[in-house]
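Notes follow the structure.
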Amino acid sequence: MLADQQILRIPGPTPIPPSVQRAMAQPMIGHRGQSTSDLFARIRPKLKRVFGTEQDVILLTGSGTAGLETAVVNTVAPGEEVLVIVTGAFGERFMKICKAYHLTTHVLQVEWGKAVNPELVKTFLKEHPDVKVVLSTFCETSTGVLNPVKQLAAAIREVSDALIVVDGVSCVGGVETRMDEWGIDVMVTGSQKAFMLPAGLAFVAASERAWRKIESNSQPMFYLDLKSHRDNLAKDTTPFTPALSILFGLERALELMEEEGLEEVYLRHTLMMKMVRAAFTAHGIPLLTTEKDASPTVTAVAPADFDAEVFRKKMKSEFGLSLAGGQGHLAGKIFRIGHMGYCSAADVLLLVSAIEIGLMRIGKSIELGKGIGAAQQIYLNERVGQL
């Protein structure tokens, strides 16, 4: 392989489009000048469309985890009870943030690799009527599960007035998101996944109901105070220094998404998911999630007869192709493939071809081309009349 060639197929950070890279290479400008205000004014409506909200989307200079912590400290008052739905490592991260702030934290554990059942959440809330905020992941990055947050929000509203806070870090921008329509109170994501940017920006959108709670919250905060960010964004600025280079790239990334069309973006991600899953299924290699629970942005593979870590290392050494490992108790047992953002069906076909060679290299007996054929057939079936 070429010494400096790296092929990222992990669930973040993801590859960056060349035009986004060029946008980020623009000369620096003053972050309090009119040009920066104009940039915010152009970005704001585009972000709303991706989130499916009429509310402004707050831009924080920080990682996705900064966005998760922001959601917690702004929506939960001292002494209140929260419910964290844990379907993987990032549900656990929500739990750790809540416990760090000494909140009364209830945890609903779901088997890793499975999506949450909204009916279980309804039952739990009936038994714990003092819960004020429910926190869940949308795509659980560590397992490749897409939780049914639309149905989850509807179920919660039937039995509780609790706010509904969702971590959408590894799927917003790659899957349909209708925050207002679904009744989600806070949605969080980050820049380095489906938004096709480097890490460094967190996005947080809050409903009118959430803003009423935020405005009355006595929880101490400073940098993460959403009220300050909201008031400044209304004037097309930020309370603290923004990550301007990434914002240059964000504008271009949003333009690319609009040029493709958001519905087409979502269809592309679903197509890539189906192609990847079909390829492994053709070889009889188990996947961690069912098709019903699978995320369009990341697939978790759970091999039964070969070492996931040995395979990942072989893909890296032979092709410069990075796959992600498992997290928590799944470390060493699974590997994960990111197919989001700047990624296409052609990239998936290249990926599957390399994977088949990698499997042969580590001694697994497979029929070369069987996975590629399955992926190709999915493409042809899904893209009838496109050529």
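The values are calculated or read from the model by the stated rules, or taken from the named source; none is laboratory data. None of the values given here were measured: they were computed from a predicted structure. As a convention, Cβ positions derive from the backbone with ideal geometry for all residues, glycine included, and neighbour counts pool all protein chains shown. Accessible surface areas use protein heavy atoms only, side chains included; no ligands, DNA or RNA. Shrake-Rupley method; radii C 1.70, N 1.55, O 1.52, S 1.80 Å.
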Please work out whether the range 167-258 counts as rounded, prolate or oblate from its C-alpha gyration tensor, where a ≥ b ≥ c are the square roots of the eigenvalues and a/c under 1.5 means rounded, while otherwise a/b larger than b/c means prolate and anything else oblate? oblate
Just to be sure I understand the rule: take each whole DSSP H helix in the chain, project its Cα atoms onto its long axis, keep it if the span is 15 Å or more and its mean Kyte-Doolittle hydropathy is at least -0.5. Which ones pass? 34-51, 64-75, 89-100, 149-159, 244-260, 262-282, 345-361, 370-382
Need one word for the range 76-127: rounded, prolate or oblate. Basis is the Cα gyration tensor (sqrt eigenvalues a ≥ b ≥ c); a/c below 1.5 gives rounded, then a/b vs b/c decides. oblate
Sequence ranges 83-90, 220-227, ranked by mean other-Cβ count within 10 angstrom, highest first: 83-90, 220-227
Using a 1.4 Å probe on the protein chains only, how many percent of the accessible area of the range 143-228 belongs to carbon and sulfur? 51
Using the Cβ atoms and a cut-off under 10 Å, what net charge is assigned to the surroundings of ILE378, where Lys and Arg are +1 and Asp and Glu are -1? +2
Lys and Arg at +1, Asp and Glu at -1: neighbours of LYS114 with Cβ under 12 Å from its Cβ sum to -2
Roughly speaking, to the nearest percent, how much of the range 1-118's 1.4 Å accessible area is carbon and sulfur? 52
Per its Cα gyration tensor (rounded if a/c is under 1.5, else prolate when a/b beats b/c, else oblate), the range 1-157 is best filed as prolate
Tell me which residues come under 5 Å, amide H to amide H, from LEU163 once H is placed; ignore anything under 5 positions away on its chain. VAL133, VAL134
Taking every DSSP beta bridge that has both residues in the chain, what percent is antiparallel when rounded to the nearest 5? 50
Just to be sure I understand, if you calculate semi-axes √(5λ) of the Cα gyration tensor in Å for this structure, which of [x] 64, 24, 13; [y] 72, 21, 16; [z] 35, 26, 18 do you get? [z]
Measure of size requested: the Rg and Dmax of the range 216-360, with Cα atoms as the atom set and Å as the unit; please supply both. 20.2, 60
As a test of the formula, what do you get for the chain when each DSSP H run with n ≥ 4 contributes -39,500 (n - 2.57) and the sum is divided by the residue count, at 222 nm and rounded to the nearest 500 deg cm²/dmol? -14000 deg cm²/dmol
What number comes out for the charge environment of ARG361, summing +1 per Lys or Arg and -1 per Asp or Glu over other residues with Cβ under 11 Å away? +1
Packing-wise, with mean Cβ within 10 Å as the measure, how do 26-35, 257-266 rank, highest first? 257-266, 26-35
Protection proxy ranking of 184-197, 205-218, 117-130 - average other beta-carbon atoms within 10 Å, highest first: 184-197, 205-218, 117-130
Entries of LYS314/LYS364; LYS99/LYS292; LYS48/LYS122; LYS99/LYS132 with Cα pairs more than 23 Å apart: LYS99/LYS292; LYS48/LYS122
